[in-house]
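Where a number appears in this text, it was derived from the coordinates with a stated rule and is not lab data. Just so it is clear, the structure is predicted and the values come from calculations on it, not from any experiment. So basically every Cβ, Gly included, is an ideal-geometry build from the backbone, and we count neighbours across all protein chains shown.
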Amino acid sequence: MFKSTYFLFSALAAATFAQPQAATAQTAPQGVKNIVLVHGAFADGASYNKIIPLLEAKGYHVTAVQNPLSSLTDDVAATKRALALQDGPTLLVGHSWGGAVISEAGNDPKVAGLVFLAAWALDANQAAGDLGKGLPPTPGAAEFRPDAAGFVSMTRKGIDEDFAPDLKPAERQLIYVTQGPLSLSGLGQKATAAAWKTRPSFYVVASEDRMINPELQRQLAKQLGATTLTLKSSHVPMLSHPTEVANFIVEAAKKSAAKK
C-alpha cells in the first residue's frame with residue numbers, strides 16, 4: 001500500500017513539474033535569454049520589481065543583483081558572481097550608479113549587450129565623479145547626507161522631490177526607508193576598461209531627471225553610440241514607466257542576440 005501510494009505521488013509530481021517546464025521551453029526567447037539587472041545608489045534589487053514579472057512573462061531568465069554599494073570593485077564583483085551563474089549569453093542592465101558597474105563588469109565574456117537606465121557610463125581610467133563636469137549640478141545633490149563611515153544617503157525631501165517625484169507617496173516612502181547608502185570613495189574609483197566599446201549598447205534617457213543631468217545622459221548615449229529611448233521620467237524610469245522600459249530591454253536582448 002505504501003509503495004503504491006509513493007509511486008502515485010511521484011508520478012503526479014513528475015507530471016506537475018514537467019508541464020511548466022515544457023511551457024517555459026516553448027516560450028523561451030532565442031539567443032539572449034538571460035537578463036541581469038544591476039541597481040544603483042540609494043536602492044536595491046527591488047527597484048526592478050515592476051519590470052521583472054514583465055520580462056519573465058516573455059520567457060526571460062531574470063536575476064537582480066544585490067550590490068553592497070561599498071566600492072566599484074565590490075559591486076563589479078557582485079555582478080560578476082551573478083553572471084557566473086548564467087547559462088549562456090546575457091544582457092546586462094544598469095540603473096544610475098549601476099551603469100558605472102556594468103561599464104566594467106560588462107567585459108565578462110557572457111555579456112552580449114548593455115542597457116543603461118538614466119545611468120553613468122564610464123570610459124577606461126574614468127570615475128563616476130569625473131562625469132558631468134561643466135554642467136550645472138542637479139538638485140538631488142543638495143540632498144546627500146554622508147555618515148561617519150563615508151557612506152551617503154538621501155533625505156526624505158530628496159527622495160520625494162528629486163529621486164522619484166513621479167511615483168506615488170507610498171512608493172517614495174518605501175524607497176526612503178529601504179535605500180542603500182553609497183560609499184563616497186566608490187565615486188572616485190576608476191574603471192579599468194569600457195565594456196560598451198565592444199558590446200552593443202542601449203540607453204534610456206530620463207528627461208525630467210533631477211539626479212543625473214539629462215544633458216549628461218544624452219551626451220553619454222551619443223558617446224556610446226547607443227540605441228536611445230527618451231522618456232518623460234524622473235531618475236527611476238523602470239518604476240515610473242515599467243512597460244516602456246521592459247519593452248526596450250526586450251528589444252535590446254533581441255538586437256544583442258543578432259550581433260552575438
message: Here is a check on your reading of the model: is Ser234 among the hydroxyl-bearing types (Ser, Thr, Tyr), touching a Pro at 6+ places or on another chain (Cβ under 6 Å) and surrounded by fewer than 16 Cβ atoms within 10 Å (Cβ to Cβ)?
response: no
- prompt: Limited to the range 171-208, what total is found for residues that are under 14 Å from Leu220 (Cα atoms), surrounded by fewer than 21 Cβ atoms within 10 Å (Cβ to Cβ) and among the polar types (S, T, N, Q)?
  reply: 1
field: Residues within the range 216-233 that are of a type outside the set (A, V, I, L, M, F, W, C), more than 12 Å from Ser201 (Cβ to Cβ) and out of contact with any Ser or Thr (no Cβ under 6 Å at 6 or more places or on another chain), tallied
entry: 3
message: If a residue counts only when it is of a type outside the set (Lys, Arg) and surrounded by 22 or more Cβ atoms within 10 Å (Cβ to Cβ), which strands (runs of 3 or more DSSP E) contained entirely in the range 57-146 have at least 2 such residues?
response: 90-95, 111-117
message: Could you go through the range 185-196 and let me know if any residue there is hydrophobic (A, V, I, L, M, F, W, C), assigned to a loop (DSSP other than H, G, I, E, B) and over 21 Å from the mean Cα position of the chain (by Cα).
response: no
query: Can you tell me which residues in the range 206-241 are in contact with a helix residue (DSSP H, G or I) (Cβ under 8 Å, 6 or more places away or on another chain), under 16 Å from Ala41 (Cβ atoms) and not in a helix (DSSP H, G or I)?
result: Ala206, Asp209, Arg210, Met211, Ser234, His235, Val236
Neighbours by Cβ (under 8 Å, 6+ apart or cross-chain): first from the range 169-184, touching a residue at least 40 places away in the same chain (Cβ under 8 Å); second part of a loop (DSSP other than H, G, I, E, B) and surrounded by fewer than 20 Cβ atoms within 10 Å (Cβ to Cβ): Ile175/Leu167; Thr178/Asp44; Gly180/Asp44; Pro181/Asp147; Ser183/Ser70; Ser183/Ser71; Ser183/Gly150
